[in-house]
1. Determine if segment A:4-11 includes at least one residue that is touching a helix residue (DSSP H, G or I) at 6+ places or on another chain (Cβ under 7 Å) and assigned to a loop (DSSP other than H, G, I, E, B).
2. So residue B:37 clears everything in (1) closer than 20 Å to residue B:368 by Cβ; (2) of a type outside the set (A, V, I, L, M); (3) over 22 Å from the mean Cα position of the chain (by Cα) except one condition, right? Which one?
3. I need a count of the residues in segment A:1-14 that are more than 13 Å from chain B (Cβ to nearest Cβ), within 23 Å of residue B:339 (Cβ to Cβ) and surrounded by fewer than 16 Cβ atoms within 10 Å (Cβ to Cβ).
4. Every residue in segment A:175-195 that is more than 11 Å from chain B (Cβ to nearest Cβ), among the polar types (S, T, N, Q) and more than 23 Å from the chain's Cα centre (by Cα), please.
5. Select from segment B:110-126 the residues that are of a type in the set (Phe, Trp, Tyr) and more than 14 Å from chain A (Cβ to nearest Cβ) and list them in ascending order.
6. Among the residues of segment A:139-154, count how many are closer than 15 Å to residue A:114 by Cβ and away from chain C (no Cβ under 13 Å).
7. From the list C:112, C:86, which one is closer than 30 Å to residue A:219 by Cβ and away from every other protein chain (no Cβ under 14 Å)?
8. Looking at (1) in a loop (DSSP other than H, G, I, E, B); (2) in contact (Cβ under 8 Å) with a residue 60 or more places away in the chain; (3) buried (at least 22 other Cβ atoms within 10 Å of the Cβ), find the lone condition where residue B:496 falls short.
Amino acid sequence: MNEIKLELDILRYDPEKDREPHFQSYSVACQEDWMVLDAINHVKDHVDTTISYRWSCHMAVCGSCGMMIDGKPKLACKAPVKDYANQKVRVEPLANFPIERDLVVVQDDFMEKLKRVKPYIIRKEEKPIEEGEYKQTPAELKKYKQFTLCINCLCCYAACPEYALTPEFIGPAALALAHRYNQDSRDQGLAERHKVISTPEGVWDCSFTDTCSLACPKHVDPASALQQLKIATTTQWYKELIGMGGN
Amino acid sequence: MESIKTDIAIVGAGGAGLRTAIAVAESNPDLKVALISKVYPMRSHTCAAEGGAAGVIKPDDSLDLHFNDTVGGGDWLSDQDVVEFFVNEAPKELLQLEHWGCPWSREPNGSVAVRPFGGMKIKRTWFAADKSGFHILHTLFQTSLQFPTITRFDEFFSIDLLVTDGRCQGVVAMEMKSGRLFQFQAKAVVLATGGAGRMFPFSTNGAIKTGDGTAMAYRAGVPAKDMEFVQYHPTGLLSTGILLTEGCRGEGGVLRNKDGYRYLQDYGMGPETPLGKPVLKTMELGPRDRLSQAFWHEMQKGNTISTQWGDAVYLDMTHLGEKHINERLPLVRDLSITYAGVDPVKEPVPIRPVVHYMMGGIHTNIDAETPLPGLYAVGETACASLNGANRLGSNSLTELLVFGKRAAVNAIEHVRSSDSKLNETSLKEQAEKVQNKIRDLVSRSGGTESIAGIRKEMATSLESGAGIYRTEETLQETCKVLADLRTRYAGIELHDKSNVFNTDLFQALELGNLLELAQTVAEGALARKESRGSHQRLDYEARDDEKFLAHTLAYYQGDDKPRIDYHDVIITKSKPGVRDYSGGAK
Amino acid sequence: MAYVRPVSTTTWYLKDRNYFIHMVNELTSFFVGAFALILLWGIGAVAGGPEAYQSFLASLTGPGMRLFLWVTTIVIFYHAIAWFKVTPKAMPVQKGEEFVPGSLIAGGHYVVWVVLTLIVLFLAGVL
């Protein structure tokens, strides 16, 4: 198997030692089929055990390993080293989040916003379990399916210039998840989520740069969800104006 | 050390932990729940499960059939009271998930769809495309957000249980971002930390599957049960070990050796079924242990393909068509292309068996109780035993839900009925012990061992000595290596001395847990002189119901190897029989 | 203490090609706004009677003004094309189980735009 030489410049930061983050270089002889995560693991295992980063599944489904690779937000487990052969690669923590330590960012803001949009089925009345499932046709499922695929990796937040400049912005993933529930035939919570979505820091902070969708490793297309939300939110606003807003 | 008082502490926020938390919060909103996890809940390994969750809902199915499939699949090592309870509760739990918004795949008329799965006579596996675990996890996590009585402690690394007066009264955990230790004082503790597949070199498991909860209970005197039963999933991608769901075969995918021959028919699972029309409980839909064992035999015969990552066979889905694959197996397609460079629509995918699941775990009963009052365990970390000697695919996701709820019910009862007196002195003492353990580990200098080095030696030894097929010699060797590694563990020096997110420290703690549990696997396998389910001995090829129709119990003996004992299996309706996966079986 | 990396409010769009293109797109709205103002001016001129209207037309013929109007027209075309291109994202149409391909939705918008333009040009006596 061919070997690929990778020059990693990893951003390091230990608040107990460093005033500011600084780059540290590592040269790694990689196997051809490695992802950048494999190269970083190699460094940690054999060269410098002090590097801290998050990872787990190595199959792009847990969302742990989001980081900036050569300035672009990516999942380290889905970034082939082949793409960076024989060049210097900057590896930095996800943009637009405070750095906790090395490649680990503080995610608290996102966790709070995720909760704020009420991402769960809201119904006036629950059907008893004994009566079986809520019927949902394949078409009804397809309507919101795409937006269920978000792995919360935060690459979209790292890509979003609005989030960078206006940190109060609720952001792509959280809002797309709200839309996922609004579109679910079993849900009746649109009016309640509207209160959160229709705020300035809700969908209206989005200026449709589409960079979130470009960065999304799971093809969720949050930008689409947000534009659909703009229309839905406006419609809901008018409905409420004439007293037909629902709950 | 700061203490946090709560009613029920749950360690692990995957499917099992979340289900438990929701069950408590929903029914008893006056009780405080502390949900403690070393990762954010969405990162839990439940997310990687693909195929589905089994539950009887279709009219052509019955609870008895699900019961029989499970007990037979487990080679009669499952506790039948547990299995009976499980199959009964399964449909309700899956429906509850549906009500909570889980995007189950549907039939044209809008009812939930089911797919065929290995070892099951009737198809009963509910699925959400091929990302069932992912959707179950996110549905549970998002649902949990509406309950204010669940307080999450994300990225808190649990280190040891607090046990006083013969009761479990909490857990000591480290806040990973600050290195600060916290004493969680709880009237009941539920462990839901998953399995320990990372002790092997190739597994479908993520980095976090290091058996932390199982090891904590083990060190606290609770026996680890049936640890030698390790499941190899037949279809993992080479090099990475990434899982390709059993659903591939449920949808009609077939296994071929280097000559393109569907070799499973040579191992009691024939006759060959028509391409694209799988017949349940036979050929490619046989149970996982049999399929992995067949691979091993093909390898001995030289019928496997040689690759730079080891031997392999082909998983052929080319006859399924692009539309079908995109609809039912989109993740599988993405994974094959990304990590193996092969498009399953066009070419067969090279695969091999990889470690996937541990049937063994913390000794629990039908109520998710461990022998230690106040301590409960659910999911892969526990051994109820639902899965016996070999788990059927799609039973484990349902297990999280059924026993998550069950653990909650029993933990609540325990909390309500027990007195709230805590032995503060004893708790303080134990908490200090943990503090010293950490301090020692971090401040140690002059060490010559590396975490990666010991980890690799452990994994290599396990794979060669306690893999799919085992012998007295290979197991003795592995036991020796592991005992030696446990001693050498003291020679690890941490180069990272920071208090802030010190992953060097976390990896060292995880390795310690894995080493302890690895011993229970190897010693348990050495002591079990028979072949049953996923534990296969070349020197004891037959199943021995006289001596070994029993659960292995491994007891922690400090630095020494574990003490092995045995415990009866609960047999009710189904007497041990023959596992027949040939086409003519009833 | 977690470290917050500073973001420049003045040069952020120079860091990434997509950001830059986005800002260019946003700037085209200046020309859209300018065109709207000219249109309002023209409507006011029409209301003001034939002399006012002739005066308005004369103002549009200077070389500077001609250049500005040509640039405005090109930019508005670019703006409209970029806008219609993304309509499928805001208005997905589901027929049965599948979604109508985005190209059809965007294409539909382009067709309507061309037809309406032709109608206006015809009514204006240009065609």
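1. Filtering segment A:4-11 for residues touching a helix residue (DSSP H, G or I) at 6+ places or on another chain (Cβ under 7 Å) gives A:4, A:6, A:8.
With the extra rule that they be assigned to a loop (DSSP other than H, G, I, E, B), the set shrinks to none.
Taking every residue of segment A:4-11 in turn, none turns out to be touching a helix residue (DSSP H, G or I) at 6+ places or on another chain (Cβ under 7 Å) and assigned to a loop (DSSP other than H, G, I, E, B).
2. Condition (3) is where residue B:37 drops out.
3. Summing the residues that are more than 13 Å from chain B (Cβ to nearest Cβ), within 23 Å of residue B:339 (Cβ to Cβ) and surrounded by fewer than 16 Cβ atoms within 10 Å (Cβ to Cβ) in segment A:1-14 gives 1.
4. Result: A:188, single match.
5. B:117
6. Narrowing segment A:139-154 to residues closer than 15 Å to residue A:114 by Cβ: A:147-148, A:150-154.
In the following step, the residues that additionally are away from chain C (no Cβ under 13 Å) were identified as A:148, A:150-154.
Total satisfying the criteria: 6.
7. C:112
8. For residue B:496, the exception is condition (2).
The values are calculated or read from the model by the stated rules, or taken from the named source; none is laboratory data. Since this is a predicted model, take the numbers as computed values, not measurements. Neighbour counts are summed over all protein chains in view; Cβ atoms, including those assigned to glycine, are modelled from backbone coordinates with ideal geometry.
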